[in-house]
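Report on the following structure.
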Protein chains: 2
Amino acid sequence: MSDLPHHVHLHEEGPREGFQIEPGPIVTADKVRFIEALAGTGLREVQCVSFVDPQRVPGMADAEAVAHAIRRREGVRYTGIWLNRRGMERALATPLDVAGALQTSASESFSLRNTGRDTAATLAEQRRTLAFCIERGIPIASGIVMTAFGCNIEGAVPVERVVARAADLVSLMEEHGLELPVLRLADTVGWANPNAIASVVGAVRERWPALRIGLHLHDTRGTAMANALMGLQMGVDTFDSTCAGLGGCPFAGHVGAAGNICTEDLAFMCEEMGIATGIDLDALVSCAHLAERIVGHPLPGKLMRGGTLGRWRH
Amino acid sequence: MSDLPHHVHLHEEGPREGFQIEPGPIVTADKVRFIEALAGTGLREVQCVSFVDPQRVPGMADAEAVAHAIRRREGVRYTGIWLNRRGMERALATPLDVAGALQTSASESFSLRNTGRDTAATLAEQRRTLAFCIERGIPIASGIVMTAFGCNIEGAVPVERVVARAADLVSLMEEHGLELPVLRLADTVGWANPNAIASVVGAVRERWPALRIGLHLHDTRGTAMANALMGLQMGVDTFDSTCAGLGGCPFAGHVGAAGNICTEDLAFMCEEMGIATGIDLDALVSCAHLAERIVGHPLPGKLMRGGTLGRWRH
């Protein structure tokens, strides 16, 4: 366990991943209230909205309104995502902390379904995105390889293909003399198991020893926390997660897509293991209860029901 | 990861742990149907009922009726539990596979609340139980240390105390020239984290290198699967679990006690990691859906919603 990090960065995606798939309309004020509460827990980065086609994702039609309404707290980054440059232009017109992300998918079929582009077209789009970011002075925050552990359309994904897609993104940056700050490996549809985490993270680390690796995990089949543990054991120190386990991927091609790994459950495990998160767990549990009230149905987080152990630990 | 076992034994406790805490009366025929379905999945051991005071646990008042109604399948052990010799006598009057278990708790306060006995009285009772079992030719299947990772009344539990309680049970057996077949460490109220699993399992193994260790995990705070992974990495090859994540401890002294680690989620993770379980995952997922229909509310299992990956794996 010598590779366990001392600190982890948890990138909260609940407002975006969670609210974009909820069937009921969630009012803008509730989204803002949730984002502001999350920013008061010690989380340093909250992904607030996605700038996508409101026809495809009606739950995000108020992305601009949310972005403008947030009362910002110092030291917290408020981010958004998009699938193309048009979405990025929308983000740039808001007060959000806009940074570029280079995205690709280890499964070409998933990419086609998710974005309408094959691998080559995706890479060409990322090249244009990167050029645009450089021209506008926008930093690139990360590279993301989706379906890095398997896909419900293609099935298993060979490790070599994940490395090849990561190489695409690393090379794109190198063309401009830049380094990727972090490579996020996404278990978009919940295929990962701890051995797969070890294999893929290990292969990426072997190829690029200095590259920071992040994990984006879904709990579709119950393995998210075990996968996170394996990630921690491999030295991974940045994770995407969602408060209360909100979320799921609307384009994942299967019924019952489970949410992301739950932020407070993951933060609890890290803190209990002596890995600092900078998060006030009780405050985060309150956010999870708020999320349940907002969506109006039970969410999968466990710590919000079991309770923290802080009163015995301090 | 060199200590990963090649096979694991999953001891299904759903019918007992699950149904004993459900508020609504569950009809005997449904219990029997569920037990018979579980026994058809490849599980080798199903804990069916508890022989406890029907005043305290009304959901188990039909224990004898359930035990008599089961149509047995060859190669499967159908077991029950009890808290005292009176319960054991009740079990012996049924067709169940009766074996003794020596039980103690690392938390004296929990022991007092759960059984009304302190540590010394518990040990004295276990001594009588053992003598009774030897006299009647009943094998001892395991020793169990409850609250081995913490307790909602006392808080943290020192590793040395877990080892001391385990030593009580090992010594009891040695008084009769017997060896404990397996020592089960129970995270009765969901306090464990992966480091604690490593510490406690490591300390027990160091003291008794040849002693087989089992884990009984609850998912109260979302760490059960990560704790199981750490157990597997420490070479633990026997786990208690419940189909669909049924269960929870009615005497745990806190609201919202979550269920046990989910059998099919754990089995899925093991199989994906190349650790054989002998279980037909799709059949077990069907059992999980049956459990939900029987209890009439959602259960926490994930694989039952996410679906197995067998069609891509074989």
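The values are calculated or read from the model by the stated rules, or taken from the named source; none is laboratory data. Remember, it's a predicted structure, so these values are computed and weren't measured experimentally. Heads up, the Cβs are rebuilt from the backbone with ideal geometry, glycines too, and the neighbour counts pull from every protein chain shown. Just the protein is used for accessible areas: all its heavy atoms, side chains included, with ligands, DNA and RNA removed. Shrake-Rupley method; radii C 1.70, N 1.55, O 1.52, S 1.80 Å.
As a test of the definition: with a 1.4 Å probe, what buried accessible area, both sides summed, do you compute for A against B, in Å² to the nearest 100? Walk me through the numbers on the way to the answer.
Details: alone 13200 and 13200 Å², together 23180 Å².
Heavy-atom accessible area buried at this interface is about 3200 Å².
How large is the dipole of region A:100-241 about the Cα centre if only Lys and Arg carry +1 and Asp and Glu carry -1, each at its Cβ, rounded to the nearest 20 debye?
Here region A:100-241 has a charge dipole of around 100 debye.
Report, for B:P23, each distance to the same residue's label point in the other copies, shortest first and in nm; define the point 7 Å along Cα→Cβ.
2.5
Given C-alpha coordinates of region B:99-241, what is the ratio Rg to Rh with the Kirkwood estimate of Rh?
0.95
List the longest stretch of chain A that has no exposed loop site; here a site is one of the trypsin sites (Lys or Arg not before Pro) assigned by DSSP to anything other than H, G, I, E or B, with at most 16 other Cβ within 10 Å.
The segment A:74-314 is the longest one with no such site.
Quick check on the protein assembly as shown: of the DSSP beta bridges with both residues there, what percent are antiparallel, nearest 5%? Kindly include the intermediate steps, with their values, before the conclusion.
Numbers: 4 of 64 bridges.
In the protein assembly as shown, DSSP labels about 5 percent of beta bridges as antiparallel.
Rank A:T104, A:I81, B:V66 by how far each Cα sits towards the positive end of the charge dipole of the protein assembly as shown (+1 on Lys, Arg Cβ; -1 on Asp, Glu Cβ) and give me just the farthest.
The residue sitting most towards the positive pole is B:V66.
Just check region A:33-161 against the gyration tensor rule for me: Cα atoms, a ≥ b ≥ c as the square roots of the eigenvalues, rounded for a/c under 1.5, and otherwise prolate or oblate depending on whether a/b exceeds b/c. Before the final figure, lay out each step's value.
Working: a/c = 1.82, a/b = 1.63, b/c = 1.12.
Prolate, since a/c reaches 1.5 and a/b exceeds b/c.
Using a Cα-Cα cut-off of under 24 Å, which lysines could be cross-linked to B:K302, ignoring same-chain neighbours fewer than 8 residues away?
A:K302, B:K31
Enter the Cα centre distance for the pair region A:67-143 and region A:178-203, rounded to the nearest angstrom.
Region A:67-143 and region A:178-203 have Cα centres spaced 19 Å from each other.
In nm, to one decimal, how far is the modelled label at A:A283 from the one at A:W312, with both set 7 Å along Cα→Cβ?
Result for the modelled spin labels: 2.5 nm.
Tell me the label-point distance for the pair B:D53, B:F132, using the 7 Å Cα-to-Cβ offset, in nm and rounded to one decimal.
1.6 nm
Sum -39500 (n - 2.57) across every DSSP H segment of at least 4 residues in chain A, then divide by the residue count to get the 222 nm mean residue ellipticity, nearest 500.
Per the formula, -12000 deg cm²/dmol.
About its Cα centre, what dipole magnitude does chain A give when the only charges are +1 on Lys and Arg Cβ and -1 on Asp and Glu Cβ, stated in debye to the nearest 20?
Computed charge dipole of chain A: roughly 300 debye.
Please name the residues of region B:214-240 whose accessible area, counted over protein heavy atoms with a 1.4 angstrom probe, falls by no less than 20 Å² between the chain alone and the full protein assembly.
In region B:214-240, residues shielded by partner chains: B:D219, B:T220, B:R221, B:G222, B:T223, B:M225, B:A226, B:L229, B:M230, B:Q233.
Below 8 Å between Cα atoms, with a sequence gap of 6+, how large is the relative contact order for region B:99-241 in percent?
After rounding, I find 22 percent.
Keeping the other protein chains in place, figure out the carbon and sulfur percent of the accessible area of the protein assembly as shown, with a 1.4 Å probe. Please list the in-between numbers first.
Working: 11830 of 23180 Å².
Here carbon and sulfur together make up 51 percent of the probe-accessible area.
Please state the charge dipole magnitude for region A:190-314, taken about the Cα centre, from unit charges on C-beta atoms (+1 on K and R, -1 on D and E), reported in debye and rounded to the nearest 20.
Around 160 debye, computed over region A:190-314.
P(r) for chain B: what percent of alpha-carbon pairs falls in each 10 Å bin, starting at zero?
Taking all Cα pairs of chain B, the binned fractions are 6, 28, 38, 23, 4, 0 percent.
Pop out a list of residues from region B:285-314 that are at least 40 Å² less accessible with all the protein chains around than in their chain alone; 1.4 Å probe, no ligands or nucleic acids counted.
B:K302, B:G306, B:L309, B:W312, B:R313
What is the antiparallel percent of DSSP beta bridges lying wholly in region B:45-169, to the nearest 5?
On the way: 1 of 14 bridges.
Counting only bridges with both partners in region B:45-169, antiparallel ones make up about 5 percent.
Rounded to the nearest 5, what % of DSSP beta bridges with both residues in region A:100-241 are antiparallel?
5 percent
Using C-alpha positions alone, give me the convex hull volume of the protein assembly as shown per residue in cubic angstrom.
Given the Cα convex hull of the protein assembly as shown, per-residue volume reads 141 Å³.
Might you tell me the accessible area per residue for the protein assembly as shown, computed with a 1.4 Å probe and given in Å²? Don't jump to the answer; show the numbers that get you there.
On the way: 23180 Å² over 628 residues.
Heavy-atom accessible area per residue stands at 37 Å².
For chain B, what is the relative contact order in percent, using Cα pairs closer than 8 Å and at least 6 residues apart in sequence?
Worked out over chain B, it gives 21 percent.
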